[in-house]
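The values are calculated or read from the model by the stated rules, or taken from the named source; none is laboratory data. Every value quoted in this text rests on a predicted model; they were computed, and no experiment measured them. Cβ coordinates were reconstructed from backbone atoms using ideal geometry, including for glycine residues, and neighbour counts include every protein chain displayed.
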Amino acid sequence: MVLNQIEELASRAFDELGKVTNSRELEAWRVHYLGRKSNLTQILRSLATLPLGERCGVGARANEVKEAFEASLAEKKKSLEQGLPLSLQRESLDVTLPGQQVLLGRLHPTTQILDEICDIFSGMGFQVVEGPEAEWEYYNFEALNMPVDHPARDMFATLWIDFETEAGDRPMLLRTHTSPVQIRVMEKSHPPIRVIAPGRVYRYEATDATHEWMFYQVEGLAVDKNITLADLKGTLFEFARRLFGGGRKVRFRCDYFPFVEPGVEVAIDCLVCGGAGCRLCGNSGWIEILGAGMVHPEVLRRVDIDPEVYSGFAFGMGVERIPMLRYGIDDIRLFYSNDLRFLRQF
Ligand code: DAH
C-alpha cells in the first residue's frame, strides 16, 4: 500500500520537475516534495508505526526515492544556472563582423523633377490636382475645341480603348495630354482657379531616342478676372528662372493649339551653348520647353464660365525633356526601361 503511494509520488515528482523552468519554481518543487511537510517526509517519520514486515521494504524505497529527489534537484539547479549564460552566449553579437549592406532606394529622375516643378508652382499659389489616365474622348478632344473631324486631332496619335456603356458606344482613350484636366477642374470649380496637373500621357507612336509611347506632362491653368498674356509671360519667365537658373532667357513665339487663342511656344536659351548654337539646340540657340496660350473663349463657354467676365491662361510641358537637358541624357527610352545602372545615377 505505502509502496504504491511512494511510486506514484515519485512519478508525479519527476514529471513536474521536468516542467520546471526557473529557480522560483524549483524551490516550490523542493518544498512540496522534500520539505518537512511533504508526503515523503511524513512517510519516513511514520515508519515506526508500520507493521514490522512492511517497515524494511518501505524504509529502503522511501530513502532511495528521497536520494533520487535530492540528486535530481541538484542537477536541475545546476542546469538552470548554466542555462542563463548558455542562452546569453547563443544570442551574443560579434560586433566585429562586417555588416550587411543596406541598399538605399532613391526617387526616379522623373519623380524628382515633378517634385521640383510642383514646388515652384505651389510657391506661386497653384494647387496640384490630378485627372484620370483613361479618359473620355470628350475631355481629351471635344471640350478642348477639337470636334470629331478637327485636323488637330492628327497631332495626337491616339491609343483608343473599346468601351461600351448601356447607352451605347462612348469613345474612350488613353489621354494624349494633360489638358483634359483643365476641363475637369473648370467643370467642378469657379474662378479664381490656379492649378497644375502632373501626370502620365500616352501616344500611339514608334519609340526612338526622342519618342516614348508613355511620358509625363505638367498642365497649368489659371482663370480669373483680368488675366492677360502678361500674367502668362510673368509666370512662365519666373518658372524658367527658378528651374533652370537666374540668367535664363525665355522666348515666346506664336504657335497654334485649338484650345488657346493666342497660342504660344515657349523656349529657353540653350543650356549648353548659351544661345550660340550647338548640336543640342539644333544650332538655333533655343530649346522649346512648353506650349501655352490664353484659354479659348469657346472652351470657357463649354464649362459655363463667361468669357466676357473671365479669362485665363494655360500651359503644358513635357517633363522628361527637363532632366534630359539638365544631365545630357540623349535617349528618352532610358527613363522607363528600369535599368538600375541608369537610375542609380540620380
Ligand atoms: N496639350 C499640348 C500638347 O500636348 C500642350 C499644350 C499647349 C497645353 C498649349 C496647353 C496649352 O495647356 O495652352 O502638345
Within region 140-179, considering residues that are small (Gly, Ala, Ser) and farther than 12 Å from Pro258 by Cβ, the one nearest to the ligand (Cβ to nearest atom): Ala157
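Taking region 142-181 on its own, how many of its residues are outside any helix (DSSP H, G or I) and within 25 Å of Leu236 (Cβ to Cβ)?
8
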Condition broken by Arg242, with the remaining ones in (1) part of a helix (DSSP H, G or I); (2) over 29 Å from Ser284 (Cβ atoms); (3) away from the ligand (no atom under 16 Å from the Cβ) satisfied: (2)
Qualifying position, being more than 16 Å from the ligand (Cβ to nearest atom) and in the same structural domain as Gly125 (by TED's automatic domain parsing), among Arg248, Arg321: Arg248
Condition met for Val272 (away from the ligand (no atom under 16 Å from the Cβ) and either out of contact with any Gly (no Cβ under 7 Å at 6 or more places or on another chain) or on the phi > 0 side of the Ramachandran plot (or both)): yes
Cβ-Cβ under 6 Å pairs, at least 6 apart or on other chains, region 326-346 side farther than 18 Å from Arg106 by Cα, far side surrounded by 10 or more Cβ atoms within 10 Å (Cβ to Cβ) and among the acidic types (Asp, Glu): Ile332/Glu212; Ile332/Glu320
Condition check for Val201: more than 25 Å from Asp154 (Cβ to Cβ) and in contact with a Leu (Cβ under 9 Å, 6 or more places away or on another chain): no
Enumeration of residues in region 183-193 that are touching an Asp or Glu at 6+ places or on another chain (Cβ under 8 Å) and either surrounded by 14 or more Cβ atoms within 10 Å (Cβ to Cβ) or of a type in the set (A, V, I, L, M, F, W, C) (or both): Pro191, Ile193
Tally of residues being more than 13 Å from the ligand (Cβ to nearest atom) and in a helix (DSSP H, G or I) across region 203-232: 2
Hits in region 37-78 (condition: exposed (fewer than 11 other Cβ atoms within 10 Å of the Cβ) and of a type in the set (Ser, Thr, Tyr)): Thr49
Single condition Ala206 does not satisfy, out of (1) within 31 Å of the chain's Cα centre (by Cα); (2) in contact (Cβ under 8 Å) with a residue 24 or more places away in the chain; (3) farther than 19 Å from Val295 by Cα: (2)
Condition broken by Val309, with the remaining ones in (1) crowded, with 17+ Cβ neighbours inside 10 Å; (2) more than 16 Å from the ligand (Cβ to nearest atom) satisfied: (1)
Unique residue being at pLDDT 85 or above, assigned to a helix (DSSP H, G or I) and not basic (Lys, Arg) when the list is Glu54, Glu81, Glu70: Glu70
Pairs with Cβ under 8 Å, 6+ apart, first in region 43-70 and free of Cβ contacts under 8 Å to residues at least 60 places away in the same chain, second of a type outside the set (A, V, I, L, M) and assigned to a helix (DSSP H, G or I): Ile43/Gln5; Leu44/Gly59; Leu44/Asn63; Leu44/Lys66; Leu47/Arg55; Leu47/Gly59; Ala48/Arg55; Phe69/Tyr33
Qualifying residues in region 122-164 (those that are touching a His at 6+ places or on another chain (Cβ under 8 Å) and among the hydrophobic types (A, V, I, L, M, F, W, C)) - the one farthest from Arg242 (Cα to Cα): Phe141
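Just the residues that are loosely packed, with under 13 Cβ neighbours inside 10 Å and among the charged types (D, E, K, R), please, taken from region 312-332.
Residues of region 312-332 that are loosely packed, with under 13 Cβ neighbours inside 10 Å, as a first pass: 327-328, 330.
Hit for region 312-332 is Asp330, nothing else.
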